[in-house]
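Enquirer: Quick one: this structure, given as structure tokens, is what I'll be asking you about.
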Amino acid sequence: MPRVSTDQLAARRQHILDGARRCFAAHGYEGATVRRLEQSTGLSRGAIFHYFRDKDALFLALAEQDARRMADVVAEQGLVQVMRDLLDGARGNSPDDDPDDDPDDDPDDDPDGAPDGEPDIDGDRSWLGTRLEVSRRLRTDPDFRERWQAHSAELTAATRERLERQAAAGALRDDVPVPVLAQYLELVLEGLVSHLAMGLPADALDGVLDLVEQSVRTLRR
């Protein structure tokens with residue numbers, strides 16, 4: 001019997017995560033039944049749960065992967081870019097399709113905008129469905145909230161490190177401490193997620209994010 005390589009195992013695991021992401025985005029955590037996960041991944045429950053202990057472990061692995069990707073984007077382009085990607089996801093667009101995609105004009109920016117070493121999902125950063133479910137479970141599931149703290153801290157650290165780089169480059173306003181600015185941006189992110197979760201109009205949100213971005217830059221005198 002041929003042995004399965006490490007790369008093949010990793011590819012199968014990623015295939016399951018990609019299918020699960022679509023399933024959770026379409027049906028939510030509670031609605032993502034095993035049957036629907038089978039349909040979304042094209043695999044049997046035995047194959048799915050060979051890689052993940054149960055549905056909760058599958059969702060947590062997916063949320064962890066997205067959190068790492070979000071932290072990578074924060075490090076390269078800032079938390080506002082994550083918000084723009086979430087907004088694009090809500091509209092069904094790819095961030096790379098935006099001709100004006102220059103959200104953080106900063107010396108540390110990566111001009112191609114995509115995190116290295118990680119394949120994009122369905123051609124874009126499809127984080128919205130997962131993020132909505134994470135936000136819901138943080139409110140309703142104390143066990144999940146406790147497990148999620150480490151990943152939340154990773155995103156906070158990436159946000160602060162980028163802001164500190166911007167401050168050192170003179171691109172950040174200096175009348176507000178970096179920790180306060182980081183908390184401000186995180187609160188805006190949570191507000192955006194709540195807004196999108198309620199299905200409220202998103203037409204003016206690009207301008208809102210422009211305003212948020214400008215509000216943390218160096219004050220012009």
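Enquirer: Could you grab me the full set of residues in the range 143-177 that are β-branched (Val, Ile, Thr) and in contact with a Leu (Cβ under 7 Å, 6 or more places away or on another chain)?
Expert: The answer is THR159, and nothing else.
Enquirer: Would you check which residues across the range 23-50 are surrounded by 17 or more Cβ atoms within 10 Å (Cβ to Cβ), in a helix (DSSP H, G or I) and free of Cβ contacts under 8 Å to residues at least 40 places away in the same chain and list them?
Expert: CYS23, ARG36, LEU37, GLU38, SER40, THR41, ILE48, PHE49
Enquirer: What is the residue count in the range 131-143 for residues that are over 16 Å from ALA20 (Cβ atoms) and not acidic (Asp, Glu)?
Expert: Selection size over the range 131-143: 6.
Enquirer: I would also like to ask the following. Given the condition at pLDDT 50 or above, within 20 Å of LEU192 (Cα to Cα) and in contact with a strand residue (DSSP E or B) (Cβ under 9 Å, 6 or more places away or on another chain), answer yes or no: does some residue in the range 145-159 qualify?
Expert: Scanning the range 145-159 turns up no residue that is at pLDDT 50 or above, within 20 Å of LEU192 (Cα to Cα) and in contact with a strand residue (DSSP E or B) (Cβ under 9 Å, 6 or more places away or on another chain).
Enquirer: Name the pairs whose Cβ atoms lie under 7 Å apart, with the first residue in the range 153-169 and touching a residue at least 12 places away in the same chain (Cβ under 8 Å) and of a type in the set (D, E, K, R), the second surrounded by 15 or more Cβ atoms within 10 Å (Cβ to Cβ) and assigned to a helix (DSSP H, G or I), and 6 or more positions between them or separate chains?
Expert: Between residues of the range 153-169 that are touching a residue at least 12 places away in the same chain (Cβ under 8 Å) and of a type in the set (D, E, K, R) and residues that are surrounded by 15 or more Cβ atoms within 10 Å (Cβ to Cβ) and assigned to a helix (DSSP H, G or I), the close pairs are GLU154/ALA67; GLU154/ALA71; ARG160/VAL178; ARG160/ALA182; GLU161/ALA75; ARG162/VAL74; ARG162/ALA75; GLU164/VAL178.
The values are calculated or read from the model by the stated rules, or taken from the named source; none is laboratory data. Source: prediction; values computed, not measured. Cβ atoms come from the backbone with ideal geometry, glycine included; neighbour counts cover every protein chain shown.
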